[in-house]
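Below is one structure, written out as structure tokens; the observations come after it.
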Amino acid sequence: MPASTRLPRPVHAALLLAGLTGAAQAEDAPSIAWPEPGGRATISRAFNGSPITVGVSSRTGGAIDSLTWGGTQFINAHDHGRELQSASSYDGYGECLNPTEAGSDSDGTGPRSTTLLTELKRGPDTLQTRSQMAYWIEPGRVTGSCPKGPGPHAGPRSDDVLAKTVTLGAAGVANAIAYRATYITAQAHESATFEAATAYMPPDFTAFWNLDPATGRSEPLSAGPGEQAVPVILATPDGARAMGVYSPALPQPTVPNAGYGRFDFSTLPGSGNATVKWNCVFRENNVPAGAHSYTCYVVVGTLQDVRAGLVALRAALTGGHPAPLPANPAPAPRAAAAPPAARVRGVALYVGTQQGCNAGEVTIDPGYKGCATAPIGATLAQPSSPADAPVYAGTAAGLDAGLVTNNPHHLDSGTRPIGYLAAAGAGGTPLYVGQQGGCNAGVVSTNPAHLNCRGAPLGIAVR
């Protein structure tokens, strides 16, 4: 199969292990003057009563390490492979020939980046950076994502330059951010994967959606990993906060079913390590040395704000008219439930009732863990609205068999789909999903603070 049609692993799979603090390799160029304390620069623009604020830092080589709105941080900046940033990989080497804007794996969770920032400009609504990108993996080292072995590079920093412009209020859409990445490659390559923009987000954003901006149609997605031809949105389960991505240049004709990826690492152990991710990816063959430019548009707000923003962006950039959004598309607020007569019950659900054993855990097994349970309702066999949440049951004996989760890869183990939970407003038992890595992440419960850890509304077990 041609390289341009392969669907790669996440460009930074190795970073998903807890970061190792490494020695700093570089300072910023002497010409860099940071306008704010702590080596920072930010821009802001108002949207729905709160500023959208985007920040870059010296620590991450000018990559975006903060994006806030409505009191919510949308970016995980745990190590130098996270952030909202750009990366590339060449000639089938994967992580072993992988220039990365924010820094290298050896930078770990430390305060400096191997990337050399050479230019920084700030305007009222714009940030511009120029940097010489670090190689993610140093010479001679390999990871599990290096299919051809060590990369043909001799130093910690590539000769490739990334020129980036970030603009708030893109195309007249108040909650849209234009992210234009220009890779200036130092040499020709047989093939390239340009991850023009990727955002690693906090593990709270576990509800994955797609959206066709031409029609306004939106549907829930599995947690993947996977790619598709239409934009992805990552949201909190209640839809109160969301981020989506769109590029008018995707999908590429050579890769018609890909371009927008999503990945769920929300159950990774270790403080700050759990994360979820989307990316906006371009693949090329016979890549000459020189400039290669791509623009991805990032939209933030509530889930409904993001849907509306993506549709408006597509219309503004193509000269068409915005597609009408469905009247009740999904959470925030969740769509009104369908009449009970329209529902078809799916799998019976139970909740553990025995302290010290299974208390609060939702299951499909009335004898879960050999302890007492009580019936609480059932799933829906089919969704009655886009707001209904897909759920799964674990199948790994001795690990999570019978446990209900919203993560089809819970504990990196097997699951099977068991239907959907109805949107808020339906009659039945309200259920919640754990949000805290290393504690209750992905576990569906009747208790919003199961195990005394964070939870979020997920849906209703119908009667």
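The values are calculated or read from the model by the stated rules, or taken from the named source; none is laboratory data. Computed from a predicted structure; not experimentally measured. Here the Cβ positions follow ideal geometry from the backbone for every residue, glycine too, while neighbour counts run over all protein chains shown. Calculation scope for accessible area: heavy atoms of the full protein, side chains included, ligands and nucleic acids excluded. Shrake-Rupley method; radii C 1.70, N 1.55, O 1.52, S 1.80 Å.
A few comments on the model shown:
- With the charge dipole of the chain set up from +1 on Lys and Arg Cβ and -1 on Asp and Glu Cβ about the Cα centre, the Cα lying farthest toward the positive end among the listed residues Val276, Ser57, Gly434 is that of Gly434.
- Under-5 Å amide H pairs with Ser247, H placed in peptide plane, nonlocal only: Tyr297
- Applying 0.36 nm per residue to the separation of Ala186 and Thr126 and subtracting their alpha-carbon distance, the gain on full extension is 18.9 nm.
- 27 Å Cα-Cα reach of Lys277 towards lysines, excluding residues that sit fewer than 8 places from it in its own chain: Lys148, Lys164
- Accessible-area value, Ile43, 1.4 Å probe, nucleic acids and ligands omitted, Å²: 10
- Rounded to the nearest 20, the Cβ-based charge dipole of segment 163-291 about its Cα centre (Lys and Arg +1, Asp and Glu -1) stands at 240 debye.
- Estimated from helical segments only, the mean residue ellipticity of the chain at 222 nm is -1000 deg cm²/dmol, where each DSSP H run of four or more residues counts as -39500 (n - 2.57).
- Coupling constants for segment 201-206 follow from the phi torsions by the Karplus curve (6.51 cos²θ - 1.76 cosθ + 1.60, θ = phi - 60°), and in residue order they are 10, x, x, 6, 8, 9 Hz; glycine and proline get x.
- Assigned charges on the beta-carbon of Lys, Arg, Asp, Glu; the chain dipole about Cα centre (debye): 840
- When a 1.4 Å probe is rolled over the protein heavy atoms, the share of accessible surface on segment 167-256 that falls to carbon and sulfur comes to 54 percent.
- The local environment of Ala401, defined by Cβ-Cβ distances under 10 Å, has a net charge of -1 under the rule Lys, Arg +1 and Asp, Glu -1.
- Spacing of the modelled spin labels on Arg345 and Cys371, each 7 Å from Cα toward Cβ, amounts to 2.6 nm.
- Taking a sphere under 10 Å around the Cβ of Gly55 and counting the other residues whose Cβ falls inside, with K and R at +1 and D and E at -1, yields a net charge of -1.
- Between Thr72 and Glu27, full extension at 0.36 nm per residue minus the direct alpha carbon distance yields a gain of 13.2 nm.
- Net charge over other residues, Cβ less than 11 angstrom from the Cβ of Gln128 (K, R count +1; D, E count -1): +4
- Between Gly301 and Ala242, the built amide H atoms are under 5 Å apart, and every one of these is 5 or more places off in sequence or on another chain.
- If the segment from Glu219 to Arg416 were pulled out straight at 0.36 nm per residue, it would be longer than the present Cα-Cα gap by 69.0 nm.
- For segment 119-261, the residue among Thr236, Pro225, Gly155 whose Cα projects farthest onto the positive side of the dipole built from Cβ charges is Gly155.
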